[in-house]
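Have a look at the structure below before the remarks.
The values are calculated or read from the model by the stated rules, or taken from the named source; none is laboratory data. Keep in mind that what you see is a predicted model, and the values were worked out from it rather than measured. Here the Cβ is made from the backbone with ideal geometry for all residues, glycine too, and neighbour counts use every protein chain on show. These area figures cover heavy atoms from the full protein model, side chains too; ligands, DNA and RNA do not enter into them. Shrake-Rupley method; radii C 1.70, N 1.55, O 1.52, S 1.80 Å.
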Amino acid sequence: NTVMVNGTGLSSSGTSTQSSIIIPEPDSNKYYIFTTDYNGSPNGFEYSIVNMDLQGGDGEVETKNIKLINTSLTEKVTACSHSTEDAYWVITHTSGDTSYYVLYDEDIIDIFDFEASAGTLSNFISITGKTFDIGPYGLEFSSDSSKFYVSEGAGEKIYQYNLSYTASTDILENEIEVGNISGSSLGALQMGSDERI
């Protein structure tokens, strides 16, 4: 009955009918806590990550209150195993409409070409088959769009992928790990005005 390190201030509400659900991250000692706020609250649907390898096994909330849906919810959330039994579906419902949101923890990166005048997407490529340590999070293209970079969310690694290949298998096979910063907690990636990421 001791509060975990960084374990206060989660954005759920005690008045929500289903205020939270905890999902294990496959093949790790980490857990996702998905939280719903009360109906009408702007906090919406968020998640935090608990790492039970920290604090001598007592665990620590290492990532907190990451917003997934920034509109109000019906205070409902549920989850179930994927049919492959190595991932999970997380389902919630927004308030005031008929929209369900299905969140799937899978290591997938989708890439499209964007046509700037018509605003259309084409040449869809889905990169699958890589098991990230935590999961792909930040993504940024090089200044000439020939490569893109992916960070592990709250992790230590950054990968480079070459878009001169047109097959997803070739893109994945030619992956380069360009960063591995021990003890880091990486987030979003952004191109600077000097064209450096």
GNM result for the chain, Cα springs below 10 Å: residue of 178, 61, 150 fluctuating most strongly: 178
Cβ charges +1 (Lys, Arg) and -1 (Asp, Glu), total dipole of region 95-197, debye: 100 debye
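Is it possible to state the helix-based mean residue ellipticity at 222 nm for the chain, with each DSSP H run of 4+ residues giving -39500 (n - 2.57), the sum divided by total residues, to the nearest 500 deg cm²/dmol? What is it?
Details: 1 runs with 6 residues, N = 197.
Counting only the DSSP helices, I get -500 deg cm²/dmol.
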For residue 52, solvent-accessible area (1.4 Å; no DNA, RNA or ligand), Å²: 50 Å²
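For the pairs 67/130; 30/147; 30/64; 67/147, note any where the Cα-Cα span goes beyond 23 Å.
Details: 67/130 25 Å; 30/147 31 Å; 30/64 13 Å; 67/147 28 Å.
With Cα atoms farther than 23 Å apart: 67/130; 30/147; 67/147.
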For residue 15, net neighbour charge (Lys/Arg +1, Asp/Glu -1) across residues whose Cβ lies under 10 Å away: -2
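With charges only on Cβ, +1 for K and R and -1 for D and E, what is the dipole size of region 1-102 about its Cα centre, in debye, rounded to 20?
Computed charge dipole of region 1-102: roughly 340 debye.
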Residue of 114, 34, 45 that the Gaussian network model of the chain assigns the largest fluctuation, springs spanning Cα pairs under 10 Å: 114
Estimated FRET transfer efficiency (residue 101, residue 194; beta-carbon r; R0 41 Å; 0.05): 0.65
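Mind checking the dipole of the chain: about its Cα centre, +1 per Lys or Arg Cβ, -1 per Asp or Glu Cβ, Debye to the nearest 20? Present the calculation step by step, with values, prior to reporting the outcome.
On the way: 8 positive and 29 negative charges, 122 e Å.
Result for the chain is approximately 580 debye, rounded to the nearest 20.
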Per residue solvent-accessible surface (Å²) - region 123-197, probe of 1.4 Å: 58 Å²
Among (1) 43; (2) 51; (3) 31, the entry derived from the coordinates for percent of Cα pairs over 24 Å apart: (2)
Positive-pole candidate from 87, 141, 69, dipole of the chain, charges at beta carbon: 69
Spatial separation of Cα centroids for region 124-175 and region 40-116, in angstrom: 21 Å
Fluctuation leader among 57, 44, 129 - the chain, Gaussian network, Cα springs under 10 angstrom: 57
Accessible surface, per residue, of region 1-56 when the full set of protein chains is kept, probe 1.4 Å, Å²: 54 Å²
Packing-based ranking, highest mean first, of 90-101, 180-191 given that Cβ atoms within 10 Å are counted: 90-101, 180-191
Farthest toward positive dipole pole in the chain [+1 Lys/Arg, -1 Asp/Glu at C-beta], among 163, 185, 13: 13
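Roll a 1.4 angstrom probe over the protein heavy atoms and tell me the percent of accessible area of region 38-197 that is carbon or sulfur. Walk me through the numbers before you get to the answer.
Numbers: 4270 of 9190 Å².
Roughly 46 percent of what the probe reaches on region 38-197 is carbon or sulfur.
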